Amino acid sequence: AEMKVNPDFLASIIKGRDGYITPHSPDSQSESGNKTPTSLQTRTLFDEMYTKTGLEQVKFWFLEHIHSSKNLVMSETAFVAFLRNLTDFSEWEILEVYDMFDRDGSGVKYEEWFLILSAYAARECKRTTKFLYKHGTAIFKHLVDPASTRPLTFERFTRLGFLLGVSEDDILYTLQFFNVQKSDVHKITVDDFIIYYFAILNKLDGGIDVTDHLRVDNAPATASSGSKQNEKCVVS
């Protein structure tokens, strides 16, 4: 079954309890200082995350819910509660995500938590390729194991797919399209990673599925390829 993100809970994190962010307000600018899109464009909760007020609200929410002001990290208990509200993941799936980002056993830091929130906002708002463009290098660094003789394995490569609800079969079909076998995954560079995942995630955003002709049983990809935007994800 396709994974689900709770758009109401997502909006409460990004917009705040009172939904104070006003579309096209003078202070609704991106981190880089760019003005918000015109009314002819659709701005989503994912886009809102990167406005000045969105970034402030997201950081405020994190600080309110980490249950530990000493280390400024989110504990396992707080993280489970966070993802249980945001997704329909089971507890073991949530713990898999937690372990993916808690590399040193100290908890999930704000920068890591922000990546996770951004990933699910992108998933819900059909902006996953935009997420990949912004954070692909950071995600790659979280997946590789520099201490290993093979820093990147197929299992590690598929973790971003797992995070976003993409099946291993869909990932395998895409790698096959690029003539990459499981045994070759350890050779993948960060640039390769972004290119391959762009093809994997493109169909989540309503784009083409490059693997259609490879599916001998004509089975559709498990990832949704619908192009209709969730109305609850639209800010303006």
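The values are calculated or read from the model by the stated rules, or taken from the named source; none is laboratory data. Quantities reported herein were computed from a predicted structural model and do not represent experimental measurements. Every residue, glycine as well, gets a Cβ built from its backbone with ideal geometry; the counts of neighbours run over all protein chains shown. The area values use the complete protein model at the heavy-atom level, side chains included, leaving out ligands, DNA and RNA. Shrake-Rupley method; radii C 1.70, N 1.55, O 1.52, S 1.80 Å.
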Quiz item: Looking at this structure, is GLU96 within 23 Å of ILE200 (Cα to Cα) and charged (D, E, K, R)?
Solution: yes
Practice problem: Answer yes if at least one residue in region 74-90 is among the basic types (Lys, Arg) and closer than 19 Å to LEU164 by Cβ, and no otherwise. | Solution: yes
Quiz item: Is it the case that region 153-170 has a residue that's free of Cβ contacts under 8 Å to residues at least 12 places away in the same chain and at positive phi?
Solution: no
Quiz prompt | Residues of region 92-109 that turn out to be at pLDDT below 95, more than 15 Å from ARG156 (Cα to Cα) and surrounded by fewer than 16 Cβ atoms within 10 Å (Cβ to Cβ), as a count | solution = 3
Quiz item: Restricting to helices (runs of 4 or more DSSP H) lying wholly in region 106-172: which have 2 or more residues that are farther than 18 Å from ASP205 by Cβ and in contact with a Leu (Cβ under 9 Å, 6 or more places away or on another chain)?
Solution: 110-125, 128-143, 154-157
Quiz item: Checking TYR196 against (1) modelled with pLDDT of 95 or more; (2) in contact with an Asp or Glu (Cβ under 7 Å, 6 or more places away or on another chain), which test does it fail?
Solution: (2)
Quiz item: Which one of the conditions (1) over 19 Å from the mean Cα position of the chain (by Cα); (2) polar (S, T, N, Q); (3) crowded, with 20+ Cβ neighbours inside 10 Å does GLN57 fail to meet, given that it meets all the rest?
Solution: (1)
Practice problem: Filter region 141-165 for residues that are under 29 Å from ALA11 (Cβ atoms), open to solvent by 10 Å² or more (accessible area, probe 1.4 Å) and not charged (D, E, K, R) and give the result. | Solution: HIS142, PHE162, GLY165
Practice problem: Output the qualifying pairs, or none if there are none: Cβ atoms under 6 angstrom, residues six or more apart or on different chains, first residue in region 133-144 and of a type in the set (S, T, N, Q), second residue assigned to a helix (DSSP H, G or I). | Solution: THR137/VAL190
